[in-house]
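To start, the structure under review is shown below, and the notes come after it.
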Amino acid sequence: MSEFGRRSLVVTGIGELTVNDPQAVDNNSTPEPFSNAAFAVQDGRIAWIGLAVDAPAADEVLDVAGRAVIPGFVDSHAHLVFAGDRAAEFAARMTGTPYSAGGIRTTVAATRAADDEQLRANVRRLVHEMARQGTTTVECKTGYGLTLEDELRALRIAKDECDVATFLGAHVVPAEYADRRAEYVDLVCGPMLDACAEYADYVDVFCERGAYDEAETRLILDAAKAHGIPVRLHANQLGHGPGVRLAVEYGAASADHCTYLEAADIDALAGSETVATLLPAVEFSTRSRYPDARSLLDAGASVAIATDCNPGSCYTSSMPFCIALAVREMRMSPGEALRAATLGGAKALRRTDIGHLAVGARADFAVLDAPSYLHLAYRPGVPLIHSVWKNGRKSV
């Protein structure tokens, strides 16, 4: 019997271990990996961490043969409950058609027409695809149903298949309410939230031109608050607007996109607990400007990176790809990008048990077919994930 009791595992032979100390003074500090490390897992949690020569006995030993080990990626922004395909829309953007939120309604029609099993199978496919690329925690939004029944079934599926489920009935105003916006907002604030509150970990609003204005967003955020549900916000993606300011005012867990920021927005984020979640693959897929990550980091704002996996503006499930984009296009260092994709995502979900590897944390980690996490940006597009472990058990 090991000194840790039943179901214990020691991971050893680690060439470089990144732990992401959550107690670091600087929220966005570059990780300081160390060599010749090992850690022990018991009942899905990290029970010990130190030098390999001091590793305790365990029921099982995993020797990773000099490979790097990092915390599992935390994807804190994704839209996975959908049906249909918008490849033609992508092709049009690549030949000059500008992106707008209008294509969402195409997915709404396909999603409404799909049955539960089709939707569930698609979510499972994408979650597995994410896991193969090192992601161990997934947040999933609704927003492609936009009727009470379709939003409720989407939220139930998201709750079953993903780690965090977010109600996004306020994605766009559906076509049948185009001339009755106030009625739809009332539906979201009333019957939809009443029905979905049981399953929603968060409420989100697409506060943007072409979606929801400040007054409408406030009504929905107030309704979420009345239900006791924390909020997050799509903010400042397509242009300057009130989204970031509202996210900070309402104590949102995150303001997502943050593409168009003024100095006051950056200061507000830096002075708050709201995480700026950046989605660089969206800018890649829409040929839009990238967020100014450097200004956010230098100001001291907490920053996360997520995929925004969805069928329209960004159909990628790859966090390594997002890290490479963040380094190349948003002037983040490889270490800052890794931290944003792990501990940053955890903070955006208000989770303290994931995104880092320390005693008491969940044993969610990825083994890289590389000697260092630097290779995630250094070798873009190369499948570097050797294996993935969630709660101390191999998932991929």
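In table form, for the structure just shown:
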{"item": "Rounded if a/c under 1.5, otherwise prolate or oblate - segment 301-389, Cα gyration tensor axes", "result": "rounded"}
{"item": "Cα centre as origin, Lys/Arg/Asp/Glu Cβ charges: segment 239-303 dipole, Debye", "result": "220 debye"}
{"item": "In sequence order, calculated HN-Hα J values of segment 116-126 (Karplus, 6.51, -1.76, 1.60; Hz; x Gly/Pro)", "result": "4, 5, 4, 5, 5, 4, 5, 4, 4, 4, 6"}
{"item": "Simple label model, 7 Å out from Cα along Cβ direction - residue 176 to residue 59, nm", "result": "5.3 nm"}
{"item": "Relative contact order for segment 280-396, counting Cα pairs under 8 Å that sit 6 or more residues apart, in percent", "result": "21 percent"}
{"item": "Rounded to whole Hz, the Karplus (6.51, -1.76, 1.60) HN-Hα couplings of segment 132-147, x for glycine and proline", "result": "4, 10, x, 8, 10, 9, 10, 9, 10, 9, 8, x, 10, x, 6, 10"}
{"item": "Vicinal HN-Hα couplings computed from phi for segment 161-172 (Karplus, 6.51 cos²θ - 1.76 cosθ + 1.60; Hz; Gly/Pro x)", "result": "9, 10, 7, 9, 10, 10, 7, 10, x, 9, 8, 9"}
{"item": "In segment 287-340, trypsin sites (Lys or Arg not before Pro) in a DSSP loop with at most 16 other beta-carbon atoms within 10 Å", "result": "287, 289, 331"}
{"item": "Nonlocal amide H pairs with residue 302, under 5 Å, H built at 1.01 Å", "result": "276"}
{"item": "Partnerless Cys - the chain, beta-carbon criterion under 4.7 Å", "result": "189, 196, 207, 258, 309, 314, 322"}
{"item": "Gaussian network model of the chain, Cα within-10 Å springs - most flexible of 177, 212, 202", "result": "177"}
{"item": "Estimated 222 nm signal from helices in the chain, with DSSP H stretches of n ≥ 4 weighted -39500 (n - 2.57), rounded to 500", "result": "-9000 deg cm²/dmol"}
{"item": "Convex hull (Cα only) mean projected area of the chain, reported in nm² to one decimal", "result": "18.4 nm²"}
{"item": "Solvent exposure, largest accessible area first (probe 1.4 Å, DNA, RNA and ligands not counted), of 209, 232", "result": "209, 232"}
{"item": "Mean Cα-pair separation over length for the chain, i.e. relative contact order, pairs under 8 Å, 6 or more apart, %", "result": "21 percent"}
{"item": "Cα gyration tensor, segment 166-237 - rounded (a/c under 1.5), prolate or oblate", "result": "oblate"}
{"item": "Listed residue (259, 226, 49) projecting farthest to the positive dipole end of the chain, Cβ model", "result": "49"}
{"item": "Farthest positive-ward along the chain dipole, Cα basis, beta-carbon charges - from 173, 250, 79", "result": "79"}
{"item": "Solvent-accessible surface ranking, highest first, for 347, 394 at 1.4 angstrom", "result": "394, 347"}
{"item": "GNM top mover of 84, 72, 143 - the chain, alpha-carbon springs below 10 Å", "result": "84"}
{"item": "Selected from 269, 387, 282, residue furthest toward positive end of dipole (the chain; charges at beta carbon)", "result": "387"}
{"item": "Principal-axis tilt of helix 104-113 within the chain, Cα atoms, nearest 10 degrees", "result": "80 degrees"}
{"item": "Nearest-20 debye value, the chain charge dipole, Cβ charges on Lys, Arg, Asp, Glu", "result": "760 debye"}
{"item": "Euclidean distance of C-alpha centroids, segment 360-391 and segment 186-233, integer Å", "result": "36 Å"}
{"item": "Accessible area in square angstrom per residue, the chain, 1.4 angstrom probe", "result": "38 Å²"}
{"item": "With Cα atoms, 0 to 90° folded angle of helix 319-329 axis to the chain main axis", "result": "80 degrees"}
{"item": "Overall form of segment 30-125 per C-alpha gyration tensor (a/c, 1.5; a/b vs b/c)", "result": "prolate"}
{"item": "Top of 344, 241, 381 by mean-square fluctuation, Gaussian network on the chain, Cα under 10 Å", "result": "381"}
{"item": "Accessible area, probe 1.4 Å, largest first, for residues 227, 234", "result": "227, 234"}
{"item": "Distant-in-sequence amide H partners of residue 48 (H built 1.01 Å from N, under 5 Å)", "result": "40"}
{"item": "The chain - percent of accessible surface contributed by carbon and sulfur, probe 1.4 Å", "result": "50 percent"}
{"item": "Where GluC sites (Glu not before Pro) in DSSP loops with at most 16 other Cβ within 10 Å are excluded, longest remaining stretch of the chain", "result": "4-197"}
{"item": "Sequence-distant residues sharing a close amide H with residue 140 (under 5 Å, placed H)", "result": "164, 165, 166"}
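The values are calculated or read from the model by the stated rules, or taken from the named source; none is laboratory data. Quantities reported herein were computed from a predicted structural model and do not represent experimental measurements. Neighbour counts run over all protein chains shown; Cβ positions are idealised from the backbone, glycine included. All accessible areas refer to the heavy atoms of the entire protein, side chains included, with ligands and DNA or RNA removed. Shrake-Rupley method; radii C 1.70, N 1.55, O 1.52, S 1.80 Å.
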